[in-house]
Every structure is written in structure tokens, then in C-alpha cells.
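The values are calculated or read from the model by the stated rules, or taken from the named source; none is laboratory data. Since the model is a prediction, treat every value here as computed from it, not as a measurement. So basically every Cβ, Gly included, is an ideal-geometry build from the backbone, and we count neighbours across all protein chains shown.
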Ligand code: LLP
């Protein structure tokens, strides 16, 4: 469910006319719908009603401060993976005791910042990381709240680049190592064992992998209890998929139902780290057609958004619907490649797509771009990153202005021997 729809033949975000918006803000521009974000958060949170659950929005999916502030105002916490994300979450008003810190490579300075802020817990992924955290906490005179991230070796049945819970992936500790590490950790002076965590992958469209993972965690948790280690937090990560094209992922309700019994039996406080499912379909990327061009092989629609703005098609071969902003009467269909200005053959937003025959100057909306869109944007080809706009009913606000070319060179200097 989202709030992007045609009204009198013009695509709107809630009550905002996207053609008018593009005229004012320019393109490419990301547009987010506050009503959609709010609904997604609430539906997700309500699905877990009755279980003591904390929804920590995964900041990496969309780290715009307005998005984070909205999640915080709805009661959400944050799942972070860097000192940068910690700063953003705190700046947006996320309470520190609702922040969980994941990731395989936390630096000591990042650990210090998170310990000083007083976050809920660190999800630890290796023996060396645990040792460094213990040492760092000791130096600061605090105890670090810790959960170990377990790699349950389940197949999330998703794209290989975003599967994380297989034995061959870099993430987490296998069951036996996790058990050994818990025993080690129990003896560390500056560590407080809080919980167990896992995250098996992203864009998962079935419930079985999640249920499988919990089943395996349950075995470990039981073994730990028998060894006298009692954990209170169960962090199941994120990963619930969305519909980009014709996927039929479980609803948050079905997802929660599949886990409810096992989780209730464990009697632990639940932490969830949803990213995509909250923001993916709450955002679009607006772009304008620069040119069209025919070659002996293909029809190309060259637009002003490129792989630097939205890398998912290039990187994962992802499908994003493309809609004309203006539904012109009698416009034909074409089979086209929608490509950006970047000098790479991999720079495309759609390939061999049956779509509206858009002409030079016309606007398009690349749908489902709210997750892993702007956050993965780069400056490749010295392209400033797009603007971001939040829509709320008939109001809108630029929540990140378009980057300037001057900003691209900020921080660069010539060595003194060249100056
Ligand atoms: N928790 C952890 C520890 C994660 O690594 C991730 C995502 C999440 C939560 C949130 O997962 P979600 O609910 O969004 O599936 N760039 C890729 C997706 C990478 C996901 C990385 N980790 C894409 O565009 O599809």
C-alpha cells in the first residue's frame, strides 16, 4: 500500500502534483510519502502487538534525517552500522536506548561513541571484535551491552549479494563458535551479555527462512540456558521483502504470525530491524527524459537519473516499475532501455522494458526507490547527488537539497609541489 497515484492523469504523491514538484525542485529528485512511511511503520509494529517488541528501523535503508525523525516520533528505534549512522540517529532524536549496533567491522572510535551515547546493544560478530569492545568499555569505565550475531546457516532464497545467513557469508558466528564465545564473554569484566541476534538477508519473500532461523537460535538459547547464560533480548534482524514487480512477500502480519509462537515460548524481548519493508514503497525517484535514441538493436530513453543516483538495477539487476508522470491520451507503448548519462554500459534503470513511449522533456517516476536509493548514491562522473523531498498531504519540503558541484570538490587540495 502506498500513496502514489494518478489524479486527473497526473501522478501525485499524496496530494502533491509531481509534475509541478519537478518543475520547482528539478530532477532527479527522490520523493517520500509521509503517510506511506507512517502506515508502514504502524502496520509493522502492530503485527507484533502482544509480544514485547522494539522496532529498530534499519538506518542504512534510508538515512535522511526527516525519515529517521518520523520513525522516532512513531516510537521506532534504530539499527545502525557505523558511527555516521549513530550520529544521524541521535541527531534525529532516536533515544540511545533504542539503538542497536550491527556490522562486522566496528572501529574503536565508533565503539567509544556508541558506548558514550549509551546504546541498547552491540551485535558482535567475531572474537576479536568482542575483545576490542571489552577493552574499550573498560577504558571508559562502563560495561558494554552485548549480543552475539549468530549465522544460522539458512538459505534466505534471495539475491546472492544480499544473502547474509549462509555459512560462507562474512556475517556472524556459527552456532558452535557462538556458544564458545558466549562462555568467553560471560567472563569478561566490561561486557554485559544481553541477547542473541541474527539477520539472514534482505528482500526475503517467504516466511520459512525466518522461522528456520528462529528455530536454530532456539536450540542455542536453550543450550546457553543450560550452561547458566540467560539472555533477555532476541534480535531477529530485518529482511522482509516488498513487491517491486510481482513478488508476493508475506505481510508483516504473516511474518509476525510465523514467529509469534516460537518467540513467545522463549519469553525474550524481541528486537526487529526492518529497513526495506518500511521505506521501499514509500519513495520514488523522479527523472526527466533528456533524449530518445534508436540504434539498430534498441530504443533508448536517456534520462537525467543514472546509476550514481539509483544503483540497484546496475548492481543487482533489480526491477523498478517506471511510470510516466503525465498519462497522455493515446500515447503508445515501446520496448526500451531506460539509461542514464554515465559512461558505463551497466548504467541503466530498466532494460527491454515494455513501457510508455516517453518523449524528450517528459517526466517519469522510478517506483519503489525509497529503500537503498539515495543512501547508495555516489558522485561517480562528478554528478551531484539528487534532492530529497518529503510530502505530507498537500505540503512538501525539501529535506535534503540537491548537492552542488562546488560541494563535490570540497576537501580536495593540490599538493604543495603543484600549487
Ligand atoms: N539488519 C542488518 C544487520 C542488515 O544488514 C540489514 C540490511 C537490515 C537489518 C535491513 O534489512 P532489510 O529489512 O532492509 O532487508 N542494498 C541492498 C540491500 C542490502 C541490505 C543490507 N542489510 C538492496 O538494495 O537490495
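Answer with yes or no whether residue 171 is over 25 Å from residue 257 (Cβ atoms), under 26 Å from the mean Cα position of the chain (by Cα) and within 16 Å of the ligand (Cβ to nearest atom).
Against the criterion (over 25 Å from residue 257 (Cβ atoms), under 26 Å from the mean Cα position of the chain (by Cα) and within 16 Å of the ligand (Cβ to nearest atom)), residue 171 qualifies.
Looking only at segment 114-132, how many residues end up being under 22 Å from residue 55 (Cα atoms) and surrounded by fewer than 20 Cβ atoms within 10 Å (Cβ to Cβ)?
2
Yes/no per residue for (1) part of a helix (DSSP H, G or I); (2) in contact with a helix residue (DSSP H, G or I) (Cβ under 9 Å, 6 or more places away or on another chain):
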position: 57; (1), (2): no, yes
position: 67; (1), (2): yes, yes
position: 70; (1), (2): yes, yes
position: 94; (1), (2): no, yes
position: 104; (1), (2): no, yes
position: 128; (1), (2): yes, no
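Checking the condition in a strand (DSSP E or B), touching a residue at least 40 places away in the same chain (Cβ under 8 Å) and within 16 Å of the ligand (Cβ to nearest atom), which residue from 285, 278, 259 passes?
That would be 285, the only listed residue that is in a strand (DSSP E or B), touching a residue at least 40 places away in the same chain (Cβ under 8 Å) and within 16 Å of the ligand (Cβ to nearest atom).
So how many residues does segment 219-256 have that are part of a helix (DSSP H, G or I) and either touching a helix residue (DSSP H, G or I) at 6+ places or on another chain (Cβ under 7 Å) or at pLDDT below 95 (or both)?
Residues flagged as part of a helix (DSSP H, G or I) and either touching a helix residue (DSSP H, G or I) at 6+ places or on another chain (Cβ under 7 Å) or at pLDDT below 95 (or both) within segment 219-256 amount to 8.
Could you please find all residues in segment 147-165 being out of contact with any strand residue (DSSP E or B) (no Cβ under 8 Å at 6 or more places or on another chain) and more than 12 Å from the ligand (Cβ to nearest atom)?
Of everything in segment 147-165, those that are out of contact with any strand residue (DSSP E or B) (no Cβ under 8 Å at 6 or more places or on another chain) and more than 12 Å from the ligand (Cβ to nearest atom) turn out to be 152, 153, 154.
Could you please find all residues in segment 399-419 being within 20 Å of residue 88 (Cβ to Cβ) and under 25 Å from the mean Cα position of the chain (by Cα)?
399, 400, 401, 402, 403
Within segment 336-350, is there a residue that is part of a loop (DSSP other than H, G, I, E, B), out of contact with any helix residue (DSSP H, G or I) (no Cβ under 7 Å at 6 or more places or on another chain) and surrounded by 20 or more Cβ atoms within 10 Å (Cβ to Cβ)?
Looking for residues that are part of a loop (DSSP other than H, G, I, E, B), out of contact with any helix residue (DSSP H, G or I) (no Cβ under 7 Å at 6 or more places or on another chain) and surrounded by 20 or more Cβ atoms within 10 Å (Cβ to Cβ), one finds at least one in segment 336-350, hence yes.
Return the only residue of 135, 85 being out of contact with any strand residue (DSSP E or B) (no Cβ under 6 Å at 6 or more places or on another chain), outside any loop (DSSP other than H, G, I, E, B) and crowded, with 21+ Cβ neighbours inside 10 Å.
Criteria check complete, one pass: 85.
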